[in-house]
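The next block holds one structure in the form of structure tokens; read it before the comments.
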Amino acid sequence: MEEKVQTNKMATMPVPKLMLSMGIPMILSMMLQALYNIVDSAFVSNMAESGEQALNALTLAFPMQMLMVAIGVGTGVGVNALAARCLGQGNKEKASEVAGNALFLGCVIYVVFLLFGLFGVKFYIGTQTDNPEIYEMAVSYLQICCTISMGIVFYSILEKLLQATGNALYSTIAQVAGAITNIIMDPILIYGLLGLPELGVQGAAYATVIGQLVSFALALIFHLKVNKDLSKSVRYMKPSWQIIKGIYTIGLPAIIAQALMSLMTYALNVILVQISEQMVTAYGLFYKIQQFILFAAFGLRDAITPIVSYSYGMNDKKRIRDGIKYGMLYTAVIMLIGTLIVEFLANPLSSIFGLSGETQQLCIEAMRVIGISFILAGANVAFQGVFQALNGGTESLVVSVCRQLIFVLPVAWGLTQVVKATGLNWVVWLTFPFAELVTVIIAFFLMRRIQKKIQF
């Protein structure tokens with residue numbers, strides 16, 4: 001057993017090369033996912049009838065979709081770190097139990113989403129709109145996404161199992177295939193092409209779940225074929241409270257961190273509308289643009305976590321240090337490139353959406369002011385990946401709460417009052433550089449505390 005562990009590339013490949021070999025596929029797949037989010041909205045908004053209302057309906061459904069992703073991905077993060085650590089320790093039996101319990105949790109999570117889709121969607125949408133047309137479209141869209149959510153749930157878990165064993169390329173192939181399927185099916189089902197009926201918003205929902213099912217099917221095939229270090233017996237699916245607790249000790253903070261993104265976006269919309277509706281629109285469109293940059297950091301974070309966790313399981317302190325060092329370095333390079341892109345290409349990027357002059361100017365200002373915080377944001381994302389790998393789920397959660405809640409909403413509200421008094425709209429965007437700067441300082445000291453505790 002020990003000999004096999006030592007021949008695993010997670011144990012032997014030089015960390016800089018390993019980081020790139022695992023990180024680049026994840027980065028590309030995450031950026032494709034960001035592209036899909038934009039394309040999906042574009043197809044819906046260009047429907048022949050009620051395109052704007054349809055886009056509004058998707059907006060109402062989006063927080064719940066983000067929560068579904070948060071629970072799936074957060075569970076996967078815990079599975080990733082725990083399985084990688086067990087493999088690093090040479091304990092393939094326990095790693096297999098982690099994988100089996102992960103699939104059991106997937107079944108439980110899907111049943112919860114199914115029940116919500118059947119009984120909770122109408123109430124949820126009804127709390128956000130009294131427009132009957134938008135209500136009907138949002139309900140029909142979200143019901144499909146919830147009742148056929150097994151694709152996103154199980155793919156999120158299988159993706160992390162593939163990453164935990166160093167097979168990130170396969171998870172990327174599965175995700176890319178699903179995203180491409182989604183993009184292809186969108187116009188066909190929404191507009192009724194190739195002789196199929198025109199389904200409108202329901203077509204967008206079916207395209208989404210079909211893409212997710214494709215990703216799930218491929219990830220399952222890859223898991224069965226290439227995850228040789230993990231046994232696939234059904235007996236490993238027997239729930240173990242100790243293992244489930246271990247998964248969520250790491251994964252629960254990641255779930256909360258993902259859910260905070262939805263809460264922050266909603267609360268910022270409420271705050272920014274005090275200035276103007278154009279400000280809300282500008283932030284919403286900037287949010288989609290910045291996803292290309294931040295999703296790249298998230299992709300690299302998903303390489304940092306299993307590499308550092310595996311090294312932690314091996315008790316290889318040099319590989320732990322290298323994982324942190326190169327993870328931070330590569331993230332900084334990516335975010336620097338992202339900063340240069342938004343600073344120099346703000347005008348052409350904002351023109352893609354066909355905005356009015358005032359809204360486009362607000363979007364440009366957002367890109368140029370918030371863009372200066374990208375390197376700090378990347379460092380915070382990388383710190384979260386390191387914390388998750390070193391059993392620092394609480395520290396990871398602290399970083400998330402700081403950069404998405406504590407140092408954002410109060411500051412944004414205060415700067416909104418400044419904007420209302422002075423008319424200087426760009427001032428409100430200083431919220432984000434401030435929040436990232438304060439958070440990265442806190443993250444640095446949290447890292448020092450973990451370093452002293454583990455002594456690496």
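Couple of notes before you dig in:
- Some residue of the stretch 430-453 being touching a residue at least 12 places away in the same chain (Cβ under 8 Å), crowded, with 20+ Cβ neighbours inside 10 Å and not in a helix (DSSP H, G or I): no
- Unmet criterion (only one of (1) touching a helix residue (DSSP H, G or I) at 6+ places or on another chain (Cβ under 6 Å); (2) at pLDDT below 85) for TYR287: (1)
- Residues of the stretch 229-256 satisfying the condition of being open to solvent by 70 Å² or more (accessible area, probe 1.4 Å) and more than 27 Å from the chain's Cα centre (by Cα): LYS232, VAL234, ARG235, LYS238
- Residues located in the stretch 266-283, provided they are in contact (Cβ under 8 Å) with a residue 40 or more places away in the chain, closer than 12 Å to LEU409 by Cα and surrounded by fewer than 20 Cβ atoms within 10 Å (Cβ to Cβ): TYR266, ALA267
- Residue within the stretch 169-184 that is farther than 21 Å from ILE27 by Cα, at pLDDT 90 or above and assigned to a helix (DSSP H, G or I) present: yes
- Being out of contact with any Cys (no Cβ under 9 Å at 6 or more places or on another chain), at pLDDT 90 or above and either open to solvent by less than 40 Å² (accessible area, probe 1.4 Å) or not small (Gly, Ala, Ser) (or both) holds for only one residue in LEU397, LEU424, LEU362, LEU415, and it is LEU415.
- The single condition from (1) over 18 Å from the mean Cα position of the chain (by Cα); (2) open to solvent by 30 Å² or more (accessible area, probe 1.4 Å); (3) not polar (S, T, N, Q) that ILE173 fails is (1).
- Test: residue in the stretch 343-354 that is open to solvent by less than 40 Å² (accessible area, probe 1.4 Å) and either more than 25 Å from the chain's Cα centre (by Cα) or within 30 Å of LEU252 (Cα to Cα) (or both): no
- Among (1) within 30 Å of ALA389 (Cα to Cα); (2) among the polar types (S, T, N, Q); (3) without any contact (Cβ under 8 Å) to a residue 12 or more places away in the chain, the one test that SER96 misses: (3)
- Among residues of the stretch 1-12, those that are at pLDDT 70 or above and surrounded by fewer than 16 Cβ atoms within 10 Å (Cβ to Cβ), counted: 2
- Checking LEU300 against (1) open to solvent by less than 10 Å² (accessible area, probe 1.4 Å); (2) over 14 Å from LEU20 (Cβ atoms), the condition it does not meet: (2)
- Enumeration of residues in the stretch 185-219 that are acidic (Asp, Glu) and closer than 17 Å to LEU32 by Cα: ASP186
- Among the residues of the stretch 105-157, those identified as of a type outside the set (Ser, Thr, Tyr), more than 12 Å from MET68 (Cβ to Cβ) and not in a helix (DSSP H, G or I) are GLY120, GLN128, ASP130, ASN131.
- Check on ILE183, more than 27 Å from LYS9 (Cα to Cα) and open to solvent by 20 Å² or more (accessible area, probe 1.4 Å): yes
- Close pairs from the stretch 17-45: first without any contact (Cβ under 8 Å) to a residue 12 or more places away in the chain, partner surrounded by 19 or more Cβ atoms within 10 Å (Cβ to Cβ) and among the polar types (S, T, N, Q), Cβ under 9 Å, at least 6 apart: ILE24/THR172
- Subset of the stretch 100-120 that is over 23 Å from the mean Cα position of the chain (by Cα) and modelled with pLDDT under 95 - its residue that is most open to solvent (accessible area, probe 1.4 Å): PHE119
The values are calculated or read from the model by the stated rules, or taken from the named source; none is laboratory data. These figures come from a predicted structure and were not determined experimentally. Don't worry about glycine lacking a Cβ; one is built from the backbone with ideal geometry, like all the others, and counts go over all protein chains shown. Note: areas computed on protein heavy atoms with side chains; ligands, DNA, RNA excluded. Shrake-Rupley method; radii C 1.70, N 1.55, O 1.52, S 1.80 Å.
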